[in-house]
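Everything below concerns the one structure shown next.
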Amino acid sequence: MCGFVGFTGYAENKRRILNKMMARIIHRGPDMGDVFENDDIALGFRRLSIIDLSENGKQPMANEDGSVVVVFNGEIYNFAALREELMNKGHVFKTKTDTEVIVHGYEEYGTALVGKLRGMFSFVVWDQAKKRLFGARDYFGIKPFYYGTLSNGEMIFGSEIKAFLDHPLFVKEVEKDALRAYLTLQYSAQTMTFFKGVYKLPPAHFFTYQDGRLQIERYWDIQFEETGLSFEESVETIDQAVNESVEAHKISDVKVGAFLSGGVDSSYITAAQKPDKTFSVGFDYHKFNETDYAAELSERLHIQNYKKLLDADECFAAFPDIQYHMDEPQSNPSCVPLYFLAKLASEHVTVVLSGEGADEIFAGYETYDVRGLSKKYRKVPKALRLAAAKTAAKLPYFKGHDFIIKNGEQPKDYYLGQACIFTDKEALSILAKDCRQGRSAKAVADDIYQHITDKSELVQKQMIDLLLWLPGDILLKADKMSMAHSLELRVPYLDKEIMHMAKGIPDAYKINGIDTKYVFRKAANKTIPDDWANREKKGFPVPIRYWLREEKYYKLVKTYFEADYAALFFDQTKILTLLEDHYTGKANCQRKIWTVFTLLVWYKRFFVDEETNNTERSQAK
């Protein structure tokens, strides 16, 4: 697990620029750093040593004659098999690292290399003979990759956007068109980022950059196609696949632990992994603490559990740093405890396994299920439900309004994923006039829906979450919060072999009126006790509702809402009304307030504090 930076073309003092950019992301790789530069390219790398701890594993890494150079962030879990395959083809290896597999793999297979990799990765290969860059991002988007254009027209790229700030030809500006969808989804779901001119390489895509021309291609796609497996066969297949994936993800030359909550996903991973240490955090509030469940399971498995209870003071104090590490505003409150969980784990291990991805692949979210009154209502003929939904959509809000729409229309008409903070109408009403031109969250989701109209309602919802929510929210915060503390986080459920197996599981096995991800729970039950396999999903709850009704934190948030820069993005009267209504108990607006607050904290950190610090450094000289 590491971080890289780079840019093309001529620049004065290339090495000095690279070193400043690398210093910004030293948290991703505190063990060592190095650079590669010539007239065409500049590559910088920071390493967190995981496999082959010697200096032989340092990057940038080149082939024998220096014609191919790579910088790589991630882990390739099938590197041993690929290494043997490449050696049999005549390639000579100097190290035991997975990085060198990419070097020689590119020599042998070219861009087709990406289809052979099993793991989490983002990388860039410089092909000196062709004067070409080739880069890729893993199947699910576990590892980040950003790119943009400098003021001289050359390309800049790296693991974190903040590194771009130290290039003298990078122009820093807010991308106001990103705000509209963000207010609904709570994360940046588009390829554009909140920094104008900076983009994300989408998951499962690779790029080539040659002669100033950038080409991006998809190399893998998620497909759900039901097979004829029986329920019992599906249970056995899942259990075998999970245990095999956990075994593959344990490969390391450093200590490996596990994140453990009270839920089935992390419990299943932990029981299959059997690490020496597990880590848990919670809050000293009623119903916001599951650390006792984690401690109990750890005790049953004879594993040492480390836990920490958080309070509001330390969470608010850390929040600007949290948003700095996120690069873009991300208002999922769970990034806060995740930040502290990673910090706790980093004090004892260098790698952790975690349970992200099971809900999206095996259908674990409650929003996927149709129960109770909804199930009864859906017995009404579809044509009548559709007509009622279309009528309701045109009317002002009334009791039952959302119920009729949700149960009458197709997912594309109402389902945007696990978060829906502001409706689009609400978002437009609080945004400043010049921030209303961006695409709506629905428009972003429609890009996916148009390709999956033939899929079941359940699969359509899963696809939205796999392609938007998972990389934009879950995985981004997992990477950024763990790497903030130089901790490598691995996600065994998000493995292409797991996905290949899971794509054939019938919908009826996943959700059956008894529970969500039912067949997965039955598989987990082969390894963990019933109490853990069947426990209701709670996510990572954070007591922001209560915090925002305490005078101290209400006043803190209010200072941001009243700041001059808040008017750049919002109607300040309206956001202050949201805050006041929540504080006085008139309404529950905590997630809306938190989403606005997050954006303002992010802006202050990157655009106000950053400029102040730059000015102070200049004056000190």
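The values are calculated or read from the model by the stated rules, or taken from the named source; none is laboratory data. Being a predicted model, the structure only gives us computed values, none of them experimental. Backbone-built Cβ (ideal geometry, glycine too); neighbour counts: all protein chains shown. In case anyone asks, the SASA skips ligands and DNA or RNA and just uses the protein heavy atoms, side chains included. Shrake-Rupley method; radii C 1.70, N 1.55, O 1.52, S 1.80 Å.
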**Item:** More than 17 Å apart - percent of Cα-Cα pairs taken over the stretch 312-380
**Value:** 64
**Prompt:** Which value, to two decimals, describes the C-alpha radius of gyration of the stretch 168-327 once divided by 2.2 N^0.38 Å?
**Reply:** 1.44
**Prompt:** So, by mean Cβ neighbours within 10 angstrom, what's the order for 255-267, 154-166 with the highest one leading?
**Reply:** 255-267, 154-166
**Request:** Express the carbon and sulfur contribution to the solvent-accessible surface of the chain as a percent, rounded to the nearest whole number, probe 1.4 angstrom.
**Result:** 49
**Asked** What fraction of the DSSP beta bridges in the chain is antiparallel, stated in percent and rounded to the nearest 5?
**Response** 75
**At 0.890 mPa s and 25 °C, Stokes diffusion of the stretch 245-323 via Kirkwood alpha-carbon radius, µm² per second** = 179
**Prompt:** Along its principal axes, what span do the Cα atoms of the stretch 456-566 show, with the longest given first and each in whole Å?
**Reply:** 54, 32, 28
**Request:** Please work out the Cα convex hull volume for the stretch 121-187 and give it in Å³ per residue.
**Result:** 126
**Item:** Calculated P(r) of the stretch 1-92 - Cα pairs past 21 Å, %
**Value:** 37
**Rh by Kirkwood over Cα pairs, then Stokes-Einstein D for the stretch 405-460 at 1.002 mPa s and 20 °C, µm²/s** = 169
**Prompt:** Rounded to two decimals, what is Rg over Rh for the chain when you use alpha-carbon atoms and the Kirkwood radius?
**Reply:** 0.95
**Message:** Tell me the per residue accessible area of the chain using a 1.4 Å probe; a whole number in Å² is fine.
**Reply:** 40
**Asked** Taking the stretch 46-122, which trypsin sites (Lys or Arg not before Pro) meet the DSSP loop condition and have no more than 13 other C-beta atoms within 10 Å?
**Response** 89, 94
**Item:** Cα-Cα separations in the stretch 188-271 greater than 17 Å, expressed as whole percent
**Value:** 73
**Request:** Could you give me the radius of gyration and the Dmax of the stretch 505-580, taking only the C-alpha atoms into account and expressing both in angstrom?
**Result:** 21.9, 57
**Shape of the stretch 40-110, Cα gyration tensor, a/c cut at 1.5** = oblate
